[in-house]
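The next block holds one structure in the form of structure tokens; read it before the comments.
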Amino acid sequence: MNFETLFGPVRQWGFLVKDLDEAMHHWKDVLGVGPWWGFRNVSMETEFQGQVNEARMNVGLSYQNGVQIELIQQTNSVLSPYSGFMESDQQQVFHQIAYFVEDIDQAVKDGERAGLTVAGICRTPFQRIYYMGAPWLGDMVIELMEEDRGMTEHFEQCAEEAQNWQGDEPFRLISL
């Protein structure tokens, strides 16, 4: 059983970064990826290694060939699915492959039957996100995101705009 059969197509590649602005500039200037949408000062409840904390972060989102690229910069020092990276000397690491799932509870059960274990959970007032790991994944995790119609429509609209992007307004982040 493969993950595409379980969860559908890969929708996102996620990276942890030390400096969101620097990372977005490199992705735009060196890799040609843009424009970047996102949010500054995001607050999210995280459950990780038995602790529940409020992680704060800046998040940048872009698209390449219909797949979302996510850059996450944790801005506080609480334990979270992202915090171990903050102690490393790396500037950016690959963190997750994400799938959008309609029934998150069923997807988690399916993932567990496929050999994954829950490595962390994030919650917003609108969504639950599960990170699932396995020894063969190393430090990378599988992200299962609760899907809703509005999120999917926004994803598709931004992916289409990125496909036709001509370099204008490269950074479109909102401060919360």
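For segment 11-22, filtered to residues that are under 12 Å from the mean Cα position of the chain (by Cα) and not aromatic (F, W, Y), the residue that is farthest from L144 (Cα to Cα) is V17.
Counting only residues that are in contact with a Phe, Trp or Tyr (Cβ under 7 Å, 6 or more places away or on another chain) and either aromatic (F, W, Y) or more than 14 Å from F48 (Cβ to Cβ) (or both), segment 115-141 holds 1 of them.
Scanning segment 95-118 for residues that are surrounded by fewer than 21 Cβ atoms within 10 Å (Cβ to Cβ) and aliphatic (A, V, I, L, M), we see that the one that is farthest from V42 (Cα to Cα) is A114. For I69, the stated conditions hold: it is of a type in the set (V, I, T), surrounded by 19 or more Cβ atoms within 10 Å (Cβ to Cβ) and over 18 Å from E47 (Cα atoms). The requirement of being surrounded by 13 or more Cβ atoms within 10 Å (Cβ to Cβ), in contact (Cβ under 8 Å) with a residue 24 or more places away in the chain and more than 23 Å from M44 (Cα to Cα) is fulfilled nowhere in segment 119-135; no residue meets it.
Going through (1) of a type outside the set (V, I, T); (2) in contact with a helix residue (DSSP H, G or I) (Cβ under 8 Å, 6 or more places away or on another chain); (3) modelled with pLDDT under 95 one by one, Y99 falls short only on (3). Only residues that are in contact with a Lys or Arg (Cβ under 6 Å, 6 or more places away or on another chain) and of a type outside the set (D, E, K, R): list them for segment 39-67, please. Correct list: S43, N58. Scanning segment 1-15 for residues that are outside any loop (DSSP other than H, G, I, E, B) and either among the aromatic types (F, W, Y) or free of Cβ contacts under 8 Å to residues at least 60 places away in the same chain (or both) yields F3, E4, T5, F7, W13, F15. In summary, helices (runs of 4 or more DSSP H) completely within segment 65-176 and bearing 3 or more residues that are of a type in the set (A, V, I, L, M) occur at 104-113, 149-163. When you scan segment 16-26, do you find a residue that is of a type outside the set (G, A, S) and either modelled with pLDDT under 95 or part of a strand (DSSP E or B) (or both), even just one? Yes, segment 16-26 has at least one match.
If only residues of segment 136-158 that are hydrophobic (A, V, I, L, M, F, W, C), surrounded by 14 or more Cβ atoms within 10 Å (Cβ to Cβ) and at pLDDT 90 or above are counted, the one that is farthest from F3 (Cα to Cα) is C158.
The values are calculated or read from the model by the stated rules, or taken from the named source; none is laboratory data. Note that the structure is a prediction, hence the values are computed from the model and not measured. Virtual Cβ from ideal backbone geometry, glycine too; neighbours counted across all protein chains shown.
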